[in-house]
Amino acid sequence: MRAKLVMSMLVSVGACSSATPSPQGPAQPAVTSFEHMDLDHRIEFMKTVVVPRMKPIFQNHDPNKFSKFDCTTCHGSAAASGDYEMPNTELPKLDFSDLSKFRQPDLDWMQNEVKPTMASLLQIPESTRLRKGFSCMTCHTKP
């Protein structure tokens with residue numbers, strides 16, 4: 001189910017649209033949320049919307065670590081064979097009772113840039129104490 005919500009991993013949506021001209025002028029594009037896209041549309045959305053938007057966020061944060069940014073960055077090595085299952089066990093494991101192995105700037109970046117941008121791109125509300133939605137655990141697993 002999570003694979004349906006998130007493909008890696010992943011703003012201003014308008015992925016699958018159909019604009020049919022009418023006598024009154026062009027129709028408004030129909031916007032389909034990621035959750036309702038089929039696999040082909042999800043892959044296209046990831047390539048044309050998510051990667052171009054997320055790549056600079058990752059590369060601005062750490063140009064060396066993320067000099068190569070593609071599907072495997074978030075989806076792991078299985079993405080090379082077409083498996084985009086999330087959460088990705090290859091990403092750092094998160095134990096919220098002890099995040100001391102992570103640098104605070106990295107945690108802040110994930111919390112303030114990566115998570116909200118992906119939630120927005122996928123049209124999924126961010127998780128809060130009162131609402132389920134896109135969270136750290138959408139992509140990461142526990143130890």
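Looking only at helices (runs of 4 or more DSSP H) that fall completely inside segment 46-137, which ones have 2 or more residues that are out of contact with any strand residue (DSSP E or B) (no Cβ under 9 Å at 6 or more places or on another chain) and of a type in the set (A, V, I, L, M, F, W, C)? So that I can check it myself, show each step before the final result.
On the way: elements: 51-61, 71-75, 104-109, 115-122.
Those helices (runs of 4 or more DSSP H) span 51-61, 71-75, 104-109.
Report whether or not residue 42 is modelled with pLDDT of 50 or more, under 14 Å from residue 119 (Cα atoms), out of contact with any strand residue (DSSP E or B) (no Cβ under 6 Å at 6 or more places or on another chain) and not β-branched (Val, Ile, Thr).
Numbers: modelled with pLDDT of 50 or more: yes; under 14 Å from residue 119 (Cα atoms): no; out of contact with any strand residue (DSSP E or B) (no Cβ under 6 Å at 6 or more places or on another chain): yes; not β-branched (Val, Ile, Thr): yes.
No, not satisfied.
What number of residues within segment 97-125 satisfy the criterion of being more than 18 Å from residue 51 (Cα to Cα) and modelled with pLDDT under 95?
1
Tally the residues that are of a type in the set (Ser, Thr, Tyr) and on the phi > 0 side of the Ramachandran plot, restricting the search to segment 89-124. Don't jump to the end; show me each part of the working.
Kept after step one, since they are of a type in the set (Ser, Thr, Tyr), are these residues of segment 89-124: 89, 97, 100, 117, 120.
Keeping just the survivors that are on the phi > 0 side of the Ramachandran plot gives none.
Residues meeting the conditions: 0.
Residues are listed down the side, and each one gets a yes or a no for (1) exposed (fewer than 15 other Cβ atoms within 10 Å of the Cβ); (2) farther than 18 Å from residue 136 by Cα:
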{"residue": "58", "(1), (2)": "no, no"}
{"residue": "62", "(1), (2)": "yes, yes"}
{"residue": "68", "(1), (2)": "yes, yes"}
{"residue": "74", "(1), (2)": "no, no"}
{"residue": "77", "(1), (2)": "yes, yes"}
{"residue": "82", "(1), (2)": "yes, yes"}
{"residue": "97", "(1), (2)": "yes, no"}
{"residue": "108", "(1), (2)": "yes, no"}
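The values are calculated or read from the model by the stated rules, or taken from the named source; none is laboratory data. Fair warning: this is a prediction, and the values are worked out from it, not measured in the lab. When we count neighbours, we look across all protein chains shown, and the Cβ atoms used for this are built from the backbone with ideal geometry, even at glycine.
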